[in-house]
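Everything below concerns the one structure shown next.
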Amino acid sequence: MHGDSGEGRLKTEADEPGWEVDPDDDWGVAVVATVGRQLKLRREAVGMRAADFGIAVGYGEDMVYKIEGGKRIPQPEYLDRADEVLGAGGLLSAMKEDVRKVRYPKKVRDLAQLEAKAVEIGVYECNSINGLLQTPEHARVLFEAAQPLYSQGEVERMVAARVARQSVFERDPAPSISFVLEEAPLRRPLGGTMVWRQQLERLLEMARLRNVTLQVMPTRCEVHSGLDGRIELLKFADGTAVGRSDGAFSGRPVSELRQLRILELRYGTIRAQALPPWESLALIEQLLGET
């Protein structure tokens, strides 16, 4: 039942890199500390030593102590096994939902929470394909190419976070989402032909959704309003909005009307300068035909 730790070997930190708690993430620290405390209390209540418990769930004693001490984020499988071994009747397994919310880096989680509330999302992306549109394979190649190098565990954690953000497309009612992507990144065969083809097909699939508008900024457009970098605009049901741009306000998120108007002017101009949606689709189909 617990033999997936491999030939009886207990899992260590080397087996699950990237699951440390970010000390600057106050909410994450509090959630993981609470979960760890509950695990410890339940283990002690049944009179089980940490080493014996570790063997039962397939983890080393040091990992058990770090999870119980709130130093590491427990994997969902860990909570399921702990629930079974300690006879918790589903109480420990139920904490998976809280842990799931903190397993992603704070900045990604914050962005995902804003996107989940927005009724309108507008994005101009200059150097890559926007994260909401990336296939998992495309995202993995990007993270693996980063310098300094991420560990494989960190890569997988960030890929999972990126895919989780894409649940914004499944909302009902669906938000209105517009993208403007540069032509050059669409021509870059990241990850090889198969990954590149899958990514182009994904763009076509998303562009055909009723609530999505996708435009391409052609390389032949020598000068346009997005040369300062990426722009994001999120608008909410209560009339408020948040925006961010690499080339304005030191890259910080802004919500004051005066600052938002500047970003909206830039984004509106970029959309006017880009290819219209039907021509953008035709360009992506042409690129797909060339792969």
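Worth a mention:
- Between M194 and E77, the simple spin-label model (points 7 angstrom out along Cα→Cβ) gives 2.4 nm.
- Region 6-102: C-alpha gyration tensor shape, a/c 1.5 cut-off, then a/b vs b/c: oblate
- Considering only Cα atoms, the convex hull volume of the chain works out to 161 Å³ per residue.
- Potential lengthening between R261 and L288 on full extension [0.36 nm per residue; Cα-Cα distance subtracted]: 6.0 nm
- For R9 and R100, the FRET efficiency from 1/(1 + (r/R0)^6), where r spans their Cβ atoms and R0 equals 35 Å, is about 0.85.
- Helical contribution to [θ] at 222 nm, DSSP H n ≥ 4, -39,500 (n - 2.57), averaged over the chain, rounded to 500: -14500 deg cm²/dmol
- Applying 1/(1 + (r/R0)^6) with R0 = 25 Å to the Cβ-Cβ distance of L91 and Q152 gives a FRET efficiency near 0.15.
- Relative contact order (%) - the chain, alpha-carbon pairs under 8 angstrom, separation at least six: 17
- Size of electric dipole in the chain: Cβ of Lys, Arg +1 and of Asp, Glu -1, about Cα centre, debye, nearest 20: 520
- Of all lysines in the structure, those lying under 18 Å Cα to Cα from K101, and not within fewer than 8 positions of it along the same chain, are K71, K117.
- Stokes-Einstein translational diffusion, region 106-208 - Kirkwood Rh over all Cα pairs, 0.692 mPa s, 37 °C, in µm²/s: 227
Each value in this text was obtained by applying a stated rule to the coordinates, not by laboratory testing. Since the model is a prediction, treat every value here as computed from it, not as a measurement. Note that we place each Cβ from the backbone using ideal geometry, even for glycine, and neighbour counts take in every protein chain shown.
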